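Have a look at the structure below before the remarks.
The values are calculated or read from the model by the stated rules, or taken from the named source; none is laboratory data. Bear in mind the structure is a predicted one, so any value in this text is a computation, not a measurement. No Cβ is skipped: glycine too gets one built from the backbone with ideal geometry, and neighbour counts run over all protein chains shown. The accessibility values were calculated without ligands, DNA or RNA, using every heavy atom of the protein model including side chains. Shrake-Rupley method; radii C 1.70, N 1.55, O 1.52, S 1.80 Å.
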Amino acid sequence: MKRIALLPGSFDPITNGHLDILQKGLQLFDEIIIVISSNENKKTLFTIDERYAQVSQLVAHLPNVKVITHSRGLLVDVAEQLGAIALLRGLRNVGDFEYERTMGRINKDQNSSIETVFVLADAKHDMVSSSAVKTIVELNGEVSSFVPDSIAQALKEKITAYPVEISHEH
Ligand code: ADP
């Protein structure tokens, strides 16, 4: 039987941290299905179609990776429908852990047959988050070590960066 895991997230945008989690997940599972959430209540920089296209292009060379989008319903129900046995999540720090523990317990309560599996990204990805990357680009900073080239390009096209503004007169 194929051991399938879901890798859920907003991926707004996908970062090298996410890709590291994906690579590590592929060592543990036969197939990973990336589930991009499109929550109407959560404001995102990239549309669901843009995020789907970005992620699909970046994993196109990986035969055991699929990409889907998800807008409603429990993630554990998506897992069950797709024959997945686990939800794969990445951990960076204690803050992630507290949040993930709660989500993991809730998901386990909803469907006890789906496990949440946590992996640590390599230390160099610890400070990488989608929101940090967006802020850095807004401030005209460099994100080429945090995201793939195609994403750095997409961020530059989407975000108007503001030059430094200082004032001495108050
Ligand atoms: P969500 O909106 O569900 O937090 P994200 O797209 O931000 O979705 O993250 C998806 C998953 O990837 C989460 O498990 C998150 O902890 C993990 N993740 C994101 N960035 C990193 C990183 N730099 N290192 C390890 N895990 C990460």
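Structural descriptor for the chain: relative contact order 27 percent, calculated from alpha carbon pairs under 8 angstrom and at least 6 residues apart. For the chain, the ratio of Cα radius of gyration to the globular rule of thumb 2.2 N^0.38 Å stands at 1.11. Per-residue SASA remark: MET103, around 70 Å² accessible (1.4 Å probe; ligands, DNA and RNA not included).
Computed from the C-beta positions of ASP49 and VAL164, the FRET efficiency with R₀ = 22 Å rounds to 0.05.
LEU120 to ASN64: extension gain in nm, 0.36 nm per residue of separation minus the Cα-Cα distance?
Values: separation 56, 0.36 × 56 = 20.16 nm, distance 2.07 nm.
Using 0.36 nm per residue and subtracting the Cα-Cα distance, I get 18.1 nm.
Shown are VAL133, VAL164, whose ranking by accessible area with a 1.4 Å probe and every protein chain present, most to least, is VAL164, VAL133.
Per-residue SASA remark: SER10, around 30 Å² accessible (1.4 Å probe; ligands, DNA and RNA not included). Measuring between alpha carbons in the structure, the pairs from LYS2/LYS158; LYS24/LYS108; LYS42/LYS66 lying more than 30 angstrom apart are LYS2/LYS158. For the pair the stretch 1-32 and the stretch 142-170, the centres of their Cα atoms are 27 angstrom apart.
Considering only THR47, THR135, GLY90, and ranking their Cα positions along the charge dipole of the stretch 30-141 that arises from unit charges at the beta-carbon of Lys, Arg, Asp and Glu, the one farthest toward the positive end is THR135.
In the frame of its principal axes, the stretch 66-153 has Cα extents of 45, 28, 20 Å, reported largest first.
Volume per residue of the convex hull around the Cα atoms, evaluated for the stretch 1-95, comes out as 111 Å³. Here the Karplus relation 6.51 cos²θ - 1.76 cosθ + 1.60, evaluated at θ = phi - 60°, turns the backbone of the stretch 156-165 into coupling constants of 5, 6, 8, 9, 7, 7, 9, x, 4, 10 Hz, with x for every Gly and Pro.
Sorting HIS170, HIS70, HIS61, HIS18 by solvent-accessible area of protein heavy atoms yields HIS170, HIS61, HIS18, HIS70, largest first, with a 1.4 Å probe.
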